[in-house]
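**Student:** Sharing a structure here in structure tokens format.
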Amino acid sequence: HVYGVDITENMLGQARKKAEVNGIKNVQFEKANARSLPYENDTFDVIVSLRFFHHVPHKYRRMYINEMKRVLKPNGILILEFKNFFYGGIGGVIKHYVLNIPGGYYLWPHQISGLFRGLRIRKIVGLYLPYLQKLARKNKKFAFNILKITRCFPGNFLSSDLYVICEKMER
């Protein structure tokens, strides 16, 4: 069984529509604040958080991660998506400091160990490289091989999005 949680009714409505269109019936949607989830300790085998942490300033992130850790079963998996400041080498730096384009709050490499205390980081995976779609139109095989670079260090820190995959330690 799957639970979809968001603090806004608008996002829950969009999720309900997507589930209905795709014939997904094993999901329950709940309006809740991720700082105080309405679940018992050790409830879930897996928690996935997408399109969320770039809205959260760094000083509050640990609080959210601790709450997710609380409701995660021992040996459970936590997957969190973050925006990467160094995507494309310096893409985030240019957007933020040169062009003054707000991009939310990024994950800096030095923040990772402190954020995930009490969890074992299994992997940090990059998701997407800027302009890779254009390259794929010209040469799919080459683009796929380039994409493999984002799956592990140091290439993952060239990706626009990072997935931090953790495991809750047994008590």
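**Student:** Please go through the range 114-138 and pick out each residue that is modelled with pLDDT under 80 and over 20 Å from VAL164 (Cβ atoms).
**Tutor:** Those that are modelled with pLDDT under 80 and over 20 Å from VAL164 (Cβ atoms): PRO130, TYR131, LEU132, GLN133, LYS134, LEU135, ALA136.
**Student:** Something else about it: Could you please give the count of residues in the range 16-28 that are among the hydrophobic types (A, V, I, L, M, F, W, C) and either at pLDDT 95 or above or surrounded by fewer than 12 Cβ atoms within 10 Å (Cβ to Cβ) (or both)?
**Tutor:** Qualifying residue count, the range 16-28: 1.
**Student:** Oh, and also: Of (1) open to solvent by less than 90 Å² (accessible area, probe 1.4 Å); (2) more than 15 Å from the chain's Cα centre (by Cα); (3) modelled with pLDDT of 80 or more, GLY92 satisfies all except one. Which?
**Tutor:** Just one mismatch for GLY92, condition (3).
**Student:** Please specify each residue of the range 59-81 satisfying the condition of being in contact with a Leu (Cβ under 8 Å, 6 or more places away or on another chain) and open to solvent by 20 Å² or more (accessible area, probe 1.4 Å).
**Tutor:** Within the range 59-81, ARG62, GLU67, LYS69, ARG70 meet the criteria.
**Student:** So, one more: With respect to TYR87, is the statement that it is modelled with pLDDT of 70 or more, hydroxyl-bearing (Ser, Thr, Tyr) and closer than 20 Å to SER160 by Cα true? Working first, answer last.
**Tutor:** On the way: modelled with pLDDT of 70 or more: no; hydroxyl-bearing (Ser, Thr, Tyr): yes; closer than 20 Å to SER160 by Cα: yes.
Here the answer is no, as TYR87 does not meet what is asked.
The values are calculated or read from the model by the stated rules, or taken from the named source; none is laboratory data. In this text, all values refer to a predicted model and were calculated from it rather than measured experimentally. When we count neighbours, we look across all protein chains shown, and the Cβ atoms used for this are built from the backbone with ideal geometry, even at glycine. Accessible surface is based on the protein model in full, side chains and every heavy atom, while ligands, DNA and RNA are left aside. Shrake-Rupley method; radii C 1.70, N 1.55, O 1.52, S 1.80 Å.
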